[in-house]
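Engineer: Mind looking over this structure? Questions follow.
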Amino acid sequence: MVSDNHGLQRSLQSRHIRLMALGSTIGVGLFLGSATAIQLAGPSIILAYILAGAIAFVVLRALGEMAVHDPVSGSFAHYARQYLSPLAGYMVGWGYWTYWVVVGLAEVTAVGVYMGLWFPDVPQWIWALASILAMGCINFLAVKVFGEFEFWFSLIKVVAIVTMIAIGMGMIVMGWGRGGEPVGIANLWQHGGFFPNGISGFLLSMQMVLFAYVGIEMIGLSAGEAQDPTRTIPMAIDSLAWRILIFYVGALFVILCLFPWNEVGLHGSPFVAMFESMGLREAAGIINFVVITAALSSCNAGIFSGGRLLLGLSLQGQAPKLFKRLSPQGVPVNAIVMTVLLPTCGVIINYFVPEKAFQWITAAVTLIGLFVWIAILSTQIAFRKSLTQEQVEKLSYRAIFWPYASWFALFGVFFVIALMAYSENTRMGFYVGPPILVVLALLYFIFGLHRQHDQTKESA
């Protein structure tokens with residue numbers, strides 16, 4: 001079943017969708033933020049990424065089952081409205097839009113920080129503002145042009161990670177840069193064991209690790225503009241899962257073999273340290289370029305996602321009608337303007353508190369991102385229950401190990417949220433995320449959207 005795409009152009013090829021999802025997931029966290037998680041879990045962080053990757057894959061397959069069955073603009077917000085309730089669809093759509101708006105601000109904030117290494121005299125907020133406006137301009141072009149930009153942005157990150165893994169394995173096995181003396185893998189257990197901080201350290205790292213995978217669900221948002229979505233979406237999902245797992249697990253395996261876990265991050269980025277040990281004097285500059293590219297890629301993907309979400313919400317009567325407008329190139333221009341406008345206003349944070357901007361902004365999105373995963377899994381469970389056995393057998397793409405995998409992933413996400421509430425370092429997210437969701441729910445009733453649904457049922 002291929003649904004009406006409401007004027008959107010089906011121009012995205014499988015390679016675009018794969019790299020778009022990679023681009024939205026592999027941000028600055030892998031290159032610079034992984035050190036914090038390593039300090040919590042030690043070498044067992046590798047196992048944490050494998051477990052979180054399994055949960056992420058279940059979420060992705062659950063979404064893929066619905067997206068292939070009904071590839072529409074708005075994706076899981078549309079499905080939540082259809083199979084749960086109009087309020088659920090509204091909350092998921094606006095919640096996820098808020099998530100990507102804030103992520104976009106976080107990523108351009110990172111651009112401002114790292115451009116400062118090259119241009120220390122230029123204020124951070126100028127780079128942040130220039131980045132969000134540049135990515136917005138790319139999104140005003142035809143979706144195929146956006147797809148090409150995102151493809152090459154993401155490819156830079158992929159090449160950097162693959163190169164790092166290859167060089168690292170050369171050092172581990174063959175002793176590259178060390179006079180032929182292999183490093184080996186003893187660092188995985190020589191400094192307090194594989195679980196140096198016990199099971200508690202491992203569990204507390206899960207919230208950081210799971211959040212690293214948030215973003216892969218944007219594959220569902222591309223379904224309305226994908227060429228032959230019944231073929232490209234499954235291919236993208238199945239290949240993306242193991243690619244992300246390899247990139248994360250492979251990169252961390254190499255880092256933890258090369259450096260004792262308790263030294264990772266103490267002397268700057270482990271990526272920089274590894275390249276410098278190979279005699280690459282420009283290692284810091286290379287990684288700086290890759291990090292900036294990673295941030296721009298994630299911001300670019302966020303603007304795309306936000307624009308399509310607003311379009312979908314507008315089509316469902318849950319956002320102003322002006323967001324329905326498409327350009328001659330099939331781009332939801334007003335929805336993109338709105339998605340760019342708020343992060344632009346948020347650049348003010350970079351002006352007043354540049355040293356705290358990234359921390360504050362990141363805390364604001366963690367819970368909302370996981371809330372969307374809960375919604376996807378809950379919607380897929382409701383979707384499957386709505387089908388007859390005959391309809392289930394006709395599904396061309398299915399969630400794995402139904403229903404056990406879906407319930408396992410749902411439990412895993414709730415468990416991680418509980419860990420976030422327990423940990424003092426991540427509790428800040430509860431001061432920001434739930435209030436945003438409460439405000440969204442209040443607006444639903446203030447603007448009378450619930451009455452609109454009631455009227456629709458009566459007319460039916």
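Engineer: For the structure I just gave you, tell me whether Phe430 is modelled with pLDDT of 90 or more and part of a helix (DSSP H, G or I).
Structural biologist: no
Engineer: For the stretch 27-46, which residues satisfy the criterion of being under 20 Å from the mean Cα position of the chain (by Cα) and modelled with pLDDT of 90 or more?
Structural biologist: Ile45, Ile46
Engineer: Now a separate question. Return only the number of the condition from (1) surrounded by fewer than 24 Cβ atoms within 10 Å (Cβ to Cβ); (2) modelled with pLDDT of 80 or more; (3) within 28 Å of Leu155 (Cα to Cα) that Pro328 does not satisfy.
Structural biologist: All conditions are met except number (3).
Engineer: Only residues in the stretch 144-162 that are touching a residue at least 60 places away in the same chain (Cβ under 8 Å) and closer than 24 Å to Gln329 by Cα count as the first member; pair them with residues that are of a type in the set (D, E, K, R) and surrounded by fewer than 18 Cβ atoms within 10 Å (Cβ to Cβ), Cβ under 7 angstrom, at least 6 apart or cross-chain, and list the lot.
Structural biologist: Listed pairs, sorted by first residue: Phe151/Arg15.
Engineer: Could you list all residues from the stretch 401-414 that are free of Cβ contacts under 8 Å to residues at least 40 places away in the same chain, surrounded by 13 or more Cβ atoms within 10 Å (Cβ to Cβ) and part of a helix (DSSP H, G or I)?
Structural biologist: Hits for the stretch 401-414 are Trp407, Leu410.
Engineer: Can I ask one more? Enumerate the pairs (first residue in the stretch 88-112 and modelled with pLDDT of 80 or more; second residue anywhere and outside any helix (DSSP H, G or I) and small (Gly, Ala, Ser)) with beta-carbon separation below 8 Å, excluding pairs fewer than 6 apart on the same chain, so at least 6 apart or on different chains.
Structural biologist: Gly93/Gly74; Gly93/Ala319; Trp94/Ala319
Engineer: Which numbered condition in (1) surrounded by fewer than 18 Cβ atoms within 10 Å (Cβ to Cβ); (2) touching a residue at least 12 places away in the same chain (Cβ under 8 Å); (3) more than 28 Å from Gly220 (Cα to Cα) is the only one that Trp125 fails?
Structural biologist: Trp125 satisfies all of (1) surrounded by fewer than 18 Cβ atoms within 10 Å (Cβ to Cβ); (2) touching a residue at least 12 places away in the same chain (Cβ under 8 Å); (3) more than 28 Å from Gly220 (Cα to Cα) except (1).
Engineer: Of the residues that sit in the stretch 163-185 and are free of Cβ contacts under 8 Å to residues at least 60 places away in the same chain and within 17 Å of Ala251 (Cα to Cα), which one is farthest from the chain's Cα centre (by Cα)?
Structural biologist: The qualifying residue farthest from the chain's Cα centre (by Cα) is Val173.
Engineer: Take Leu84 and tell me if it is hydrophobic (A, V, I, L, M, F, W, C), surrounded by 24 or more Cβ atoms within 10 Å (Cβ to Cβ) and within 30 Å of Tyr444 (Cα to Cα).
Structural biologist: no
Engineer: Same structure again: Between residues in the stretch 305-326 that are touching a residue at least 40 places away in the same chain (Cβ under 8 Å) and residues that are crowded, with 23+ Cβ neighbours inside 10 Å and basic (Lys, Arg), which pairs lie under 8 Å by C-beta distance while being six or more apart or on different chains?
Structural biologist: Listed pairs, sorted by first residue: Gln316/Arg81; Gln318/Arg81.
Engineer: Taking helices (runs of 4 or more DSSP H) that fall entirely within the stretch 114-215, which contain at least 3 residues that are of a type in the set (S, T, N, Q)?
Structural biologist: Passing ranges, in order: 124-140, 198-213.
Engineer: A further question on this structure: Which members of the stretch 231-273 meet the condition of being touching a Phe, Trp or Tyr at 6+ places or on another chain (Cβ under 8 Å), assigned to a helix (DSSP H, G or I) and at pLDDT below 80?
Structural biologist: Within the stretch 231-273, Ala241, Ile244, Leu245, Pro270, Phe271, Ala273 qualify.
The values are calculated or read from the model by the stated rules, or taken from the named source; none is laboratory data. None of these values were measured; they are calculated from a predicted model. Quick reminder, even Gly has a Cβ in these numbers, built from the backbone with ideal geometry, and neighbours come from all protein chains shown.
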